[in-house]
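Notes for the one structure printed next.
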Amino acid sequence: MEKVYVIGVGMHPFGRFLDKSLKYLTRHAVWEAIQDAGIDPKKVEMAYFSNSFAGALNGQHSVRGQIYLRDAGFSEIPIINVENACASGSTAFQHACLAVSSGQVGVAIAVGVEKMFVGDNTKTITALGSAGDVEATKGQGLQFTALYALKALNYMEEYGATPYHFAKVAEKNSENAVLNPFAQFRKKLSVEDVLNSRMIADPLTLYMCSPIADGSAAVIVANEKVANQLGQAQVHVKGSILKSGQLYDPNNKQPSMITKASNELFEKIGIGHSDINMLEVHDAAVSVEFEHIEDLGLLPKGTAFQEILEGTFSLSGKLPVNMSGGLTSKGHPVGASGVAQIVEITKQLRGEAKERQVYKNGKLPLTGLCLNTGGRVEDDRAAYGITILSR
Amino acid sequence: MENIREQNIFLIDKKGKPNLIGSKCLGCDHMSFPAKEVCPYCMTNGRSEEILIGKLGIVVSATTCHTAPKGIQVPYTLGTIEIDYGVHVLAQITGNTIRKGDKVELVIYSSVSVESAEETIGWKYQIVEGGGQ
Ligand SMILES: [Zn+2]
């Protein structure tokens, strides 16, 4: 197996851009990544294009990658369209890595793009609801915020957390986003702002939930030979894992899929939980940060909500989480989110995160983890992607 | 009265009672909803029997939603219901007060879209009269 390196990253800021097309958003992120890598774009041999809703929202039901990447200059090379709901980005990234690690190509690109502001937010919420079994949930009013609310209620009941703890996460993520020029919301929120914002799905208020967003992100990966030719010290893709949701256990005895998948990944690449210096997790609602940190085995179950009060997950804390502002503050353009997590960890590892740069004992961090989840099947999420990067 | 069957999800039986359509694997006894020909627990193919379930259930958790997809009026309640054999289903729940542990029954409703005038027949759970805590 070839070693895989991230040689270039690019992003278009997340936010509301009514005048910017999917073609524009794609071209912007792709060419930022090409320039960042300093590579001849003709060297890119394969592309994975991550998008979920250009069919439902923008009418482009098929060959999205071929259409949008043509506008960025790409033809002839294989382009694979990836759709795994909110986990599309990590799925595309993992497959770009697989194309390189298998030796099939020397350089591949993963691109995530989404345009969710289409002038009718109900249309967007309805499209998002199709990331579940539409036959089994028809007419129920399935929306993901409600699923996160149900999880939040369970966490509160089991461990004694309150909405205050969730608001602390939103506050922390908003502080990080203030320092991120690519974030949708760059305004510091207080706990009071969060708790007093309007209720979306009890106990989750507006500022506890990730917003609808437009945006794009791109990552170019390459084998060791190409990475060395480019010169600079490159970020290494230590490993990644992709899973689908597990079957419902009526006895509720099995570990979560996040726990199963992360244990498998840690074992495979031979590093320990204590090697993880920082995380980008999938806070489609802030309440899941606790679940994600705990299920990844980084803290014991039922303790993360107390750690947020100690500043553990802040930029200067022991385990910084969502340095980018996370999905709640940076924005959540579905197909782009998983790719943008890789962009953030790469910038942190390179020491290019400017005001939101994380340090470990005065030095740049060595290893970071991304957790990206998406969709729903029966009683679990549909897809899970975990990636570990190091330098 | 004929059975009324919708997309293999629910049916109204000859007595006019609504049921969800589940399946039981004859290989490993696991229940599935929606019903499946292949059991996802043991991957036995073609040895499952259809079982009508979900006439009654218990609220496991519920949240009141203040935004909604198309065709749903706010506020509404979405929750997890435990039905026969410990199966969990996600469903809309109606009732004046909805709390964990409440008894619910399956009901069929029909709604007509204002935009397309199309009629939809759907299912949801309703708090059983006097079945609250
Ligand atoms: Zn079976």
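Residues of region A:129-167 being hydroxyl-bearing (Ser, Thr, Tyr), under 29 Å from B:Pro34 (Cα atoms) and without any contact (Cβ under 8 Å) to a residue 40 or more places away in the chain, which ones?
We begin by selecting, within region A:129-167, every residue hydroxyl-bearing (Ser, Thr, Tyr); these are A:130, A:137, A:145, A:148, A:155, A:159, A:162, A:164.
Pick out the ones that are also under 29 Å from B:Pro34 (Cα atoms) and you get A:130, A:137, A:145, A:148, A:155.
Matches in region A:129-167: A:Thr137 only.
You will find that of A:Ser130, A:Ser90, the residue that is within 14 Å of chain B (Cβ to nearest Cβ) and either under 22 Å from the mean Cα position of the chain (by Cα) or under 30 Å from A:Met199 (Cα atoms) (or both) is A:Ser130 and no other.
When A:Thr205, A:Thr162 are checked against the criterion of being buried (at least 22 other Cβ atoms within 10 Å of the Cβ) and not aliphatic (A, V, I, L, M), a single residue qualifies: A:Thr205.
If the condition is being within 11 Å of another protein chain (Cβ to nearest Cβ), among the polar types (S, T, N, Q), away from the ligand (no atom under 16 Å from the Cβ) and closer than 19 Å to B:Asp84 by Cβ, then region B:1-46 contributes only B:Asn8.
Among the conditions (1) modelled with pLDDT of 95 or more; (2) assigned to a loop (DSSP other than H, G, I, E, B), B:Asp29 misses just one, which is (1). Quick check, is A:Ser274 touching a Gly at 6+ places or on another chain (Cβ under 8 Å) and not hydrophobic (A, V, I, L, M, F, W, C)? No: the conditions fail for A:Ser274.
Quick check on this structure: which one of A:Val118, A:Val111 is touching a helix residue (DSSP H, G or I) at 6+ places or on another chain (Cβ under 7 Å) and within 14 Å of another protein chain (Cβ to nearest Cβ)?
Working: A:Val111 fails: within 14 Å of another protein chain (Cβ to nearest Cβ).
Going through A:Val118, A:Val111 in turn, just one is touching a helix residue (DSSP H, G or I) at 6+ places or on another chain (Cβ under 7 Å) and within 14 Å of another protein chain (Cβ to nearest Cβ): A:Val118.
Residues that are in contact (Cβ under 8 Å) with a residue 40 or more places away in the chain and at positive phi were ranked within region A:333-391; the one that is farthest from the other protein chains (Cβ to nearest Cβ) is A:Lys354.
Has region B:94-104 got at least one residue that is within 13 Å of chain A (Cβ to nearest Cβ), under 15 Å from the mean Cα position of the chain (by Cα) and hydroxyl-bearing (Ser, Thr, Tyr)? Yes, there is a match, as at least one residue in region B:94-104 is within 13 Å of chain A (Cβ to nearest Cβ), under 15 Å from the mean Cα position of the chain (by Cα) and hydroxyl-bearing (Ser, Thr, Tyr). The residue that is farthest from A:Phe53 (Cα to Cα), counting only those in region A:202-224 that are more than 14 Å from chain B (Cβ to nearest Cβ) and hydrophobic (A, V, I, L, M, F, W, C), is A:Ala222.
Condition first: in a strand (DSSP E or B) and surrounded by 14 or more Cβ atoms within 10 Å (Cβ to Cβ). Now tell me which residues in region B:93-108 satisfy that.
As a first pass, look at region B:93-108 and keep what is in a strand (DSSP E or B): B:93-94, B:103-108.
Correct list: B:Ile93, B:Thr94, B:Lys103, B:Val104, B:Glu105, B:Leu106, B:Ile108.
From the set of residues in region B:47-61 that are over 22 Å from B:Gly79 (Cβ atoms) and not acidic (Asp, Glu), which is farthest from the ligand (Cβ to nearest atom)? Per the criteria, the residue is B:Ile51. Restricting attention to region A:155-201, the residues being away from every other protein chain (no Cβ under 14 Å), farther than 25 Å from B:Tyr76 by Cβ and outside any loop (DSSP other than H, G, I, E, B) number 16. Just one of the listed residues (B:Ser116, B:Ser111) is more than 16 Å from the ligand (Cβ to nearest atom), at the interface with chain A (Cβ under 9 Å from one of its Cβ atoms), loosely packed, with under 15 Cβ neighbours inside 10 Å and not acidic (Asp, Glu), and it is B:Ser111.
When region A:222-254 is examined, which residues are found to be assigned to a loop (DSSP other than H, G, I, E, B) and in contact with an Asp or Glu (Cβ under 8 Å, 6 or more places away or on another chain)?
Of everything in region A:222-254, those that are assigned to a loop (DSSP other than H, G, I, E, B) and in contact with an Asp or Glu (Cβ under 8 Å, 6 or more places away or on another chain) turn out to be A:Gly245, A:Gln246, A:Leu247, A:Tyr248.
The values are calculated or read from the model by the stated rules, or taken from the named source; none is laboratory data. Only a predicted model underlies this, so the values are computations on that prediction, with no experimental measurement involved. Ideal geometry is used to build each Cβ from the backbone, glycine not excepted, and the neighbour counts take in all protein chains shown.
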